[in-house]
1. Arrange Asp108, Asp192 by Cβ neighbour counts within 10 Å, fewest through most, would you?
2. With equal scatterers on the alpha carbons only and no solvent term, can you work out the Debye log10 of I(q)/I(0) for segment 8-126 at 0.12, 0.14 1/Å?
3. Helix 133-148 sits at what angle to the longest principal axis of the chain, using alpha carbons and giving 0 to 90 degrees rounded to 10?
4. If each residue of separation counts as 0.36 nm, what is the full-extension length gain between Glu278 and Asp218 once their alpha-carbon separation is subtracted?
5. For the residues Leu91, Leu305, Leu146, what sequence is obtained by ranking on other C-beta atoms within 10 Å, fewest first?
6. What order, most packed first, do the peptides 166-173, 6-13 have when packing is the mean number of other Cβ atoms within 10 Å of each residue?
7. Taking the Cβ-Cβ separation of Tyr254 and His105 as r and a Förster radius of 45 Å, what is the calculated FRET efficiency to the nearest 0.05?
8. Give, in nm to one decimal, the length gained when the segment between Thr58 and Val291 is fully stretched (0.36 nm per residue of separation minus the Cα-Cα distance).
Amino acid sequence: MTSQNSRLRVVVCGTTFGRVYLKGIARLAGDFELVGILARGSDQARDCARRYGVPCYTTVAALPFGKIDMACVVVRSAVVGGPGTALALELLRHGVHVLQEHPVHHDDLVRCLKAAQGAGCRYALNGFYPDLPSVRGFIAAARQALARSRAVYVDAACGINVLYPLVDILGRVLGGLRPWTFSAPLDAGADDPLTSLTGRLGGVPLRLGIQNTIAPEDPDNSGLLLHRIVLCTENGTLMLPETHGPVLWSPRLYVERDKNGVLDMFGASSYLDLPATEMLCPFKERAYGDVLGEVWTDAIKRALLRFKSEMVLGVDAMRHGQYCLTACRVWQELGQRLGLTRTVGVRPPTPERLQRNGFFDTVSGAAGRADVANHRTTA
C-alpha cells in the first residue's frame, strides 16, 4: 500500500511538454522517483534520459512493470491524433496508475476510468492550467465574489489548443458546468482570427471568442493568446487579462442620490471609497523563461502531489472523473459548433516591450497640458 512517506516510481511518456513533468518529478525527490522515459527514441528523448540517469524505453512491452508505480502520459491523445489514449489504457491494464495530460475524448476518458477501476488503479486527467498561480487566484476570488452576488455574464477568449482548460477553469469558477447551451458561431470576416459564439454555461450567459486557427508547420507557436476571462457579477467585475497575469477586481460604479434626487458624485459614500480597480492576488512580473521553467514546473508539482495524496487517502477518483467527463462533453460540443480549424501561416512576433512610463509622463502636469494642446485628430 502506498503511504504518504513512500516514493512512487514514475515513468514519463513523452519529452516535449513531458520535460516539464521531468523537472517537477526531479524537484519532488522525497515523493517520486523517476525510473524511466517512454518515447519514440528521438535524440531529444535519449538526451533527456541521459540527463536524468534513467533508461529510455521505446515500447510499452519493454517497461519493467514490477518496478513501476505510476506513469505520466504526456503525449497527444487519440482525439488530437496521438497515441496517448492507447498508452494510458495499456499502462492501466498492467496495474500502473496514470496521470494523463489534457485533452481526452469523452469516450476515451470513460474507457480509461473503467480500466483503472477494473485494475484497481488510479487514473486522473490533468487540465494543467487550473494549477497555475494566477488561475488559482482567479478561481478563489470568483468563488468569493459569487458567494456574495449573482453572476451576470462571463466573457472569455482563448486559443483552440487550450479550449479544454478554459472549460475546466470556468466550471471551477461557476461551481459546475450544467446546464449549458451554445449558439451557432457568429459570422465574421475571413481575416478575423477569433470565432465568436454565445450561450450559457452553468446557467450563466456566456460570450466566447476562440482562435480557431492553427499553423501546421509550427502549431505550438501559432496562438495569439492563451486565456482571457471576465466574470461580471451584480457587485463588480473580476478579470484575468492573461493566463499568467494579475487578478483584477473592479467594483461596480454606483453613485447614491441626495435627498433631492441628484447624483451625489462628490459626497461621502462607502461606494465612492472603493478603489476603481484593485489587484487581488500577489503578482510578480516574470519573463517567459521563468514562466516556462519555474511557474509551469510548480503547477506540475501541485498536480503530482495531489495525485499521490488522493491515492494515499483513497479519495474517490470517479467523483473528479465525472466532472472531467462533463467538461469533455462541453469541450466537444464547442468544437462541433466551431467546425474545422482553419490553417494559417505563422510569423515570429517582434520581441519588444512597450514603454512603461513615457506616455503617462506626457499626460500629467504642464507636459500633459502641452500634449493636449498640440493633439490633433484626423478623419
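Any read-out appearing in this document is the output of simple, stated calculations on the displayed coordinates, not a laboratory observation. Quantities reported herein were computed from a predicted structural model and do not represent experimental measurements. For neighbour counting, all protein chains shown are included, and Cβ atoms are generated from backbone atoms with ideal geometry for every residue, glycine included.
1. Listed from fewest to most nearby Cβ atoms, that is Asp192, Asp108.
2. Here log10 of I(q) over I(0) equals -0.37, -0.51.
3. It works out to around 60 degrees.
4. Working it through step by step, the gained length comes to 17.8 nm.
5. Result, fewest neighbours first: Leu305, Leu146, Leu91.
6. Answer by packing, highest mean first, reads 166-173, 6-13.
7. Once rounded, the FRET efficiency stands at 0.45.
8. Going from the current span to full extension adds 80.8 nm.
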